[in-house]
1. Check region 162-172 and report whether any residue there is at pLDDT 95 or above and touching a Ser or Thr at 6+ places or on another chain (Cβ under 7 Å).
2. Which numbered condition trips up Ala15, out of (1) within 20 Å of Cys153 (Cα to Cα); (2) aliphatic (A, V, I, L, M); (3) free of Cβ contacts under 8 Å to residues at least 24 places away in the same chain?
3. So is Asp295 touching a residue at least 12 places away in the same chain (Cβ under 8 Å), at positive phi and surrounded by 23 or more Cβ atoms within 10 Å (Cβ to Cβ) or not?
4. Can you tell which of Trp60, Trp117 is buried (at least 18 other Cβ atoms within 10 Å of the Cβ), hydrophobic (A, V, I, L, M, F, W, C) and at pLDDT 95 or above?
5. Could you pull out every one of the strands (runs of 3 or more DSSP E) wholly within region 175-291 that has 3 or more residues that are surrounded by 15 or more Cβ atoms within 10 Å (Cβ to Cβ) and not assigned by TED's automatic domain parsing to the domain that holds Thr163?
6. Assuming Asp97 fulfils every condition listed in (1) closer than 23 Å to Lys224 by Cα; (2) charged (D, E, K, R); (3) in contact with a Phe, Trp or Tyr (Cβ under 8 Å, 6 or more places away or on another chain) apart from one, which condition is it?
7. Among Ala288, Ala296, which is modelled with pLDDT of 95 or more, closer than 30 Å to Asp27 by Cβ and not acidic (Asp, Glu)?
8. Determine, yes or no, whether Asp98 is surrounded by fewer than 23 Cβ atoms within 10 Å (Cβ to Cβ), more than 26 Å from Pro144 (Cβ to Cβ) and either in the same structural domain as Thr152 (by TED's automatic domain parsing) or at pLDDT below 95 (or both).
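The values are calculated or read from the model by the stated rules, or taken from the named source; none is laboratory data. This is a predicted model, so every value here is computed, not measured. So basically every Cβ, Gly included, is an ideal-geometry build from the backbone, and we count neighbours across all protein chains shown.
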Amino acid sequence: MTSPLLKRPGAVEGAGIDAGVAAHYGDPSGEQRRLLGGQALADLSHFGVVTVSGEDRLSWLNSLSSQLLLGLEPGVAVQTLLLSVQGRIEHDLRLVDDGQTSWLIVEPGQAPSIAGWLDRMRFMLRVSVTDVSADYAVVASCAPVPEFSGLTCWRDPWPGVVTGGYAYSAAEHPGVERPWYEYLVPRPELESATASMKLAGMMAVEALRIAAWRPRAGVDTDEKTIPHELDLMRTAVHLDKGCYKGQETIARVHNLGHPPRRLVFLHLDGSMHTLPAPGSEVRLGEKAVGRITSDALHFEAGPIALAVIKRNVDPAAGLSVVDGDEAYAAAQEMIVATDAGQVLGRQTGFLRGGPRR
C-alpha cells in the first residue's frame, strides 16, 4: 500500500522492495544526519505486522523459531528466524510481546505468507494469528520518541550479543552508533502522529543500516543463506534452546564447521560518481568471489556496501566490484571472521552472549 507520507513536500517514492514509501524527501545526506541524530523519523509503513495472541503463543513461537522466547518479559524486543530444515533463512521476525500479544514486524510483502504459514502450524494450540498490516504502520528512529511512549516499540538488539548468542565479528562494532527503534502507529493516525516531525527516506535508512553492518532479510540473503554467514548468531539464534527446524545445521556449522561464505563491508571507489547495482560481482583479480547485496552513499563514509563473499578470501586483499562495463575498486573491512565457526574445544575467541537485558 502507498504511504500517505508521500504527500510530504519533496517526497520521491522508492522502488523494488521499498516501493510505497519515500526513498528521500529531497535531501538524502541531510536526512541521514537527522535520522542518526534522533531528529527525524523514517517511514517504514510498507513493512508488515502480524500478531499472535493466546496462552500458548510464546511456547509455540519458541518451538518454531531460532530464538529462546520462553519467559520473555513484556516489552523486551528480540529477533528470531524461521529456518528451513537445512538451516537456511526463510523469514526474519522482529518480535516484542506486550503480555497478551506477540507483535511481529516483517519485511515488506511478507506478512500474508508468514501469517498463513503460522496459521497452518497452530494445530490444537491456544493461539490466534492475524495479519494487521492494514491497521498498523511502522515508523523508526535512532532515538526514543517521547510522543510515542505509549505505543508498542521494538528496539533492535543489534549489535549486542544476546543470551545464547555468539559474535562472529570483532568486539568493537560500528552498530553501537546506530540504536534503532521501530514503533507501531495505528495506520489511520500515521499522518497526524508525524505531522510535526521531520522525515527521512529509505535511502537514509539503508545507508545507516549498511554502515552498522546490519544485514536485512530479502536484501542481504538468498536461498542459501545461513545465519552464521551474516553474523546473525549474535542476535537471532539461541545456541542452548530446545529443538526447532534447522537447529542441526546451526549447531553443526557453529561447533564443527565453518560457514561457506561471509558478510563483508566494502569501501567503494568514490571517483566513479555512481553505485554498482546490487547483485554485481565481487572479484579478486579476474575471479568472482561473491556479490554485492546492498550499497549506499553514506554522508560521511561515501560509497559503501555489504557483500557476501567466499569465506577463505584474504581479508587484506583488494577487491573490485563489476557492474557491466564499470569496475569499482573496493577495500574490505572484515565483519564475519574467516575462521568463524568450529568453536568446539576453543578456549578463547569470539564473544558469548550474557543475560538477556
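1. Yes, region 162-172 has at least one match.
2. (1)
3. When the stated conditions are applied, Asp295 does not pass them.
4. Details: Trp117 fails: buried (at least 18 other Cβ atoms within 10 Å of the Cβ).
The match here is Trp60.
5. Working: elements: 181-186, 261-268, 281-284.
In region 175-291, 261-268, 281-284 are the strands (runs of 3 or more DSSP E) which contain 3 or more residues that are surrounded by 15 or more Cβ atoms within 10 Å (Cβ to Cβ) and not assigned by TED's automatic domain parsing to the domain that holds Thr163.
6. (1)
7. Working: Ala288 fails: closer than 30 Å to Asp27 by Cβ.
When all the criteria are applied, what remains is Ala296.
8. Working: surrounded by fewer than 23 Cβ atoms within 10 Å (Cβ to Cβ): yes; more than 26 Å from Pro144 (Cβ to Cβ): no; either in the same structural domain as Thr152 (by TED's automatic domain parsing) or at pLDDT below 95 (or both): yes.
No, not satisfied.
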